[in-house]
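The values are calculated or read from the model by the stated rules, or taken from the named source; none is laboratory data. Fair warning: this is a prediction, and the values are worked out from it, not measured in the lab. All Cβ positions, glycine included, derive from the backbone under ideal geometry; neighbour counts span all protein chains shown.
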Amino acid sequence: MINLSRRKLLVSGLAATAGASGLAVAARLAQKYGLVPPDHGGIYGLGETLTYASQRLLTRHSLAREFSRSQISPRPFPNELAPLTEEFKRLQAGRFADWRLSVDGLVAEPASFSIADLKSYPSRSHITELACEEGWSYIAEWIGVPLSHVLNVVGVHPQAKYVVYTSMEPDTWDSIDMADALHPQTFLCYGMNGSELPVAHGGPLRIRLPRQIGYKNIKFITRLTVTDSLKRFGKGLGSAACEAGYAWYTGI
Ligand SMILES: Nc1nc2c(c(=O)[nH]1)N[C@H]1C(S)=C(S)[C@@H](COP(=O)(O)O)O[C@H]1N2
Ligand SMILES: [Mo]
């Protein structure tokens, strides 16, 4: 799933940060800085921890690569979609006027936002690559409101550690830490290549997270929950994908 040589590079990078004295030291560092991902108990436990911790220590402030307009892929590739629910079809028939994103959890003022509300906030865009774990990718311009803006509107409590995002698609949810949630390229995305975000790409609203792999970029987002622990969500691993064996942290 994740490019192995890059994983090795990052692991050795962290070992170097730890004074080249080996993985045990790196693992202790990860503990010390609280950089243990929620799915660390899996088969790849140590590897997941090291990938996450080393990226956080080495690339904390880095941006995903941005491209020029001429590099936008002529045919972006929408992934296969599960059949849309009746509720989705009803909202689509109303041109998503009744679509709401609710935001709750460790926030001062839980709120719900229409697409028009989200569009009333400063709009941002970036031309970045969406890379699927299956090997294909494309470059598109993504338009939306930075997630950080919406989090500031509702007021995040200081003990917040993660944002859980839930799709209207059944059993589809994931989460990110606050470093990714507040990252300037992390958008609640409602537009693509100068148009509305097509339904095939998650319209009317998806999360766009160019520093993580495709499957973290959940489509049809209707709920955000700010939390200090992922234990109460599903099996406590941090995402529905993790419950199927995929990694929680997929930094690229
Ligand atoms: N709700 C929902 N979000 C989803 C998926 C999905 O099946 N359902 N697929 C994910 C995967 S595996 C990838 S690679 C990207 C693909 O985005 P695209 O279809 O816009 O190209 O969406 C992600 N978000
Ligand atoms: Mo994917």
- Message: Take the conditions more than 16 Å from ligand 1 (Cβ to nearest atom), part of a helix (DSSP H, G or I) and charged (D, E, K, R) and apply them to residue 95. Does it pass?
- Response: no
- Query: Scanning for something closer than 22 Å to residue 181 by Cα, within 14 Å of ligand 1 (Cβ to nearest atom) and either assigned to a loop (DSSP other than H, G, I, E, B) or under 19 Å from the mean Cα position of the chain (by Cα) (or both), does the range 120-129 turn up at least one residue?
  - Reply: yes
- Item | Matching strands (runs of 3 or more DSSP E) fully within the range 145-252 where at least 2 residues are closer than 20 Å to residue 98 by Cβ and within 16 Å of ligand 1 (Cβ to nearest atom) | 162-167, 187-192, 221-227
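Among the residues in the range 28-38, are any at pLDDT below 90 and closer than 30 Å to residue 197 by Cβ? Can you show your working first?
Going residue by residue through the range 28-38, those that are at pLDDT below 90 are 28-38.
With the extra rule that they be closer than 30 Å to residue 197 by Cβ, the set shrinks to 37-38.
Yes, because at least one residue in the range 28-38 is at pLDDT below 90 and closer than 30 Å to residue 197 by Cβ.
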- Message: For the range 103-117, check the following and say yes or no: at least one residue is acidic (Asp, Glu) and free of Cβ contacts under 8 Å to residues at least 12 places away in the same chain.
- Response: yes
- Message: Please go through the range 116-163 and give me each residue that is under 22 Å from residue 213 (Cβ atoms), touching a strand residue (DSSP E or B) at 6+ places or on another chain (Cβ under 8 Å) and aromatic (Phe, Trp, Tyr), ordered by number.
- Response: 138, 142, 162
- When residue 135 is evaluated against the numbered criteria (1) within 14 Å of ligand 1 (Cβ to nearest atom); (2) in a loop (DSSP other than H, G, I, E, B); (3) within 25 Å of residue 233 (Cβ to Cβ), which criterion, by number, is the only one it fails? (3)
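Any chance the range 198-215 includes a residue that's among the basic types (Lys, Arg) and within 30 Å of residue 93 (Cα to Cα)? Break it down into steps so the answer makes sense when it comes.
Narrowing the range 198-215 to residues among the basic types (Lys, Arg): 206, 208, 211.
Subsequent filtering for residues that are within 30 Å of residue 93 (Cα to Cα) retains 206, 208.
Within the range 198-215, one or more residues are among the basic types (Lys, Arg) and within 30 Å of residue 93 (Cα to Cα).
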- Query: Got a number for residues in the range 199-242 being within 16 Å of ligand 2 (Cβ to nearest atom) and over 11 Å from the mean Cα position of the chain (by Cα)?
  - Reply: 7
